[in-house]
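Data first, discussion second: the structure below is written as structure tokens.
The values are calculated or read from the model by the stated rules, or taken from the named source; none is laboratory data. Given the structure is predicted, the values throughout are model-derived calculations rather than measurements. Please note: Cβ atoms are built from the backbone with ideal geometry, for glycine as well, and neighbour counts cover all protein chains shown. Surface areas here come from the heavy atoms of the whole protein model, side chains and all, with no ligands, DNA or RNA. Shrake-Rupley method; radii C 1.70, N 1.55, O 1.52, S 1.80 Å.
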Amino acid sequence: MSNLNNLKLQRVVMEVFGGCNYTCQMCPQSNPGRGSNFTRKMPLKNFEKILDDLVPKYGSPQINLEGSGEPTMAKDLDLYIKAVKKRNLKCFMYCNGARLKGDFMKKVIDAGIDFIRISVIGYNKELYKKWMNVDNFELIFDNIKELKKYISEKKSLCKLSTYHLVTNNNEVKQEIESYKSQVINKLGTIGYIWKMHNWSGNYNNENPREKTERRSCGRPFAPEITIRAGGEKGRSAAIVPCCQTLGPPNEEKSILGHLDNDKFEDIYKGEKWSKLREAHEQKKFDSIEYCKNCDFLYNDPEVLVWSNDPSAKVNHMLGTQEDFILTKYSR
């Protein structure tokens, strides 16, 4: 399963900045925190080198700039976007949107970004502050309105969306209707509402997903890779199996190799990635520390509870080809 000959990457999630300006309740960034090894910025020259090492040798993937850090923390974010677009690749970004305003926002749009998803957890000021731990609900509304206006003025093709996580599994329908009426209808954005996840067991999710028989999530075999800005001490550009291993204790355990000095080919065919594939093929998930408690192994068809995006599907990576469904790669 480590044959590189037919690998055509559809998505590369490459973290521009590992830290975050938020301390959201449901995120290991804040509780207990990632640690200095992971909260650094990826140098632009390293970012471009990795792009050139992967593209077009292993396809022409969509590039996501977040990983699990906050990309807008990079003051020169527009240069990273330009680097992606210079190589004729799609550029996506998931962020909290607090810094997307004024000249910084304009540079991001002008650089040619294709898609921005802004996390708005909570459909009013009180819930937003509770879950995202900052009183920015009105600021985010203002920023989104400014974004939409500038996108329209510049005739940009950038698509804008919001993202919400269900904060009470006993009130799913009520949350959907409240989010639609108080966020989506007022902003006129594409929206996605998902159930919360437990970050490979790093977060004690009080709104858990339904536990069903476990099966492979498909990620060890899927045409995507996740690259952190940081990694082990003194290293950077760590490849991990997915973004879900965010935070201690599992993030460092999940490192498969580093692209600062190691070759992608050696990591992909290496012992750690091979062991991960074997565990998923044989359903021996408990043999992998960062997999054994991950709720992405449960087949809960209701994890995507609502969207007004007609192309949205469970297990489909936004922006990628229609056939990129994670369960297609399950074993």
Restricted to the range 161-289, the DSSP antiparallel beta bridge percent, nearest 5, is 45 percent
For the pair Arg215 and Glu153, how long in nm is the line joining their label points, each one 7 Å along Cα→Cβ?
5.0 nm
Rounded to whole Å², per residue accessible area for the chain with a 1.4 Å probe reads 44 Å²
Gain in span if fully extended, Lys328 to Asp266, counting 0.36 nm per residue against the direct Cα distance
19.8 nm
Between the range 25-86 and the range 132-190, the alpha-carbon center distance in angstrom:
24 Å
Mean separation of Cα contacts under 8 Å, 6 or more apart, over the residue count of the range 11-143: relative contact order %:
27 percent
Mean-square fluctuation maximum in Gaussian network of the chain, Cα pairs under 10 Å, restricted to Gly218, Gly35, Gly122, hits Gly35
Please give the peptides 147-155, 270-278 ranked by average Cβ packing (other Cβ atoms within 10 Å per residue), highest first, as a rough proxy for protection.
270-278, 147-155
Calculate what fraction, in whole %, of the accessible area of the range 268-331 sits on carbon and sulfur atoms when a 1.4 Å probe is rolled over the protein chains.
46 percent
Which value, in debye to the nearest 20, describes the size of the charge dipole of the chain about its Cα centre when Lys and Arg Cβ atoms bear +1, Asp and Glu Cβ atoms bear -1, and nothing else is charged?
580 debye
Carbon/sulfur accessible area of the range 121-226, % of total, 1.4 Å probe, equals 46 percent
What spacing in nm lies between the two simple spin-label points modelled at Glu206 and Val314, each 7 Å away from Cα in the Cβ direction?
2.6 nm
Antiparallel versus total DSSP beta bridges in the chain: what percent is that, nearest 5?
30 percent
Ordered by packing density, taken as the mean number of other Cβ atoms within 10 Å over each peptide's residues, highest first, how do 194-203, 44-53 rank?
194-203, 44-53
Out of Glu224, Glu177, Glu15, a Gaussian network model of the chain with alpha-carbon springs under 10 Å gives the largest mean-square fluctuation to Glu177
For the pair Asn3 and Glu281, the simple spin-label estimate (label points 7 Å beyond Cα toward Cβ) gives in nm 1.2 nm
Calculate for the chain the 222 nm mean residue ellipticity that helices alone would give, adding -39,500 (n - 2.57) per DSSP H run of length 4 or more and normalising by residue count, nearest 500 deg cm²/dmol.
-7000 deg cm²/dmol
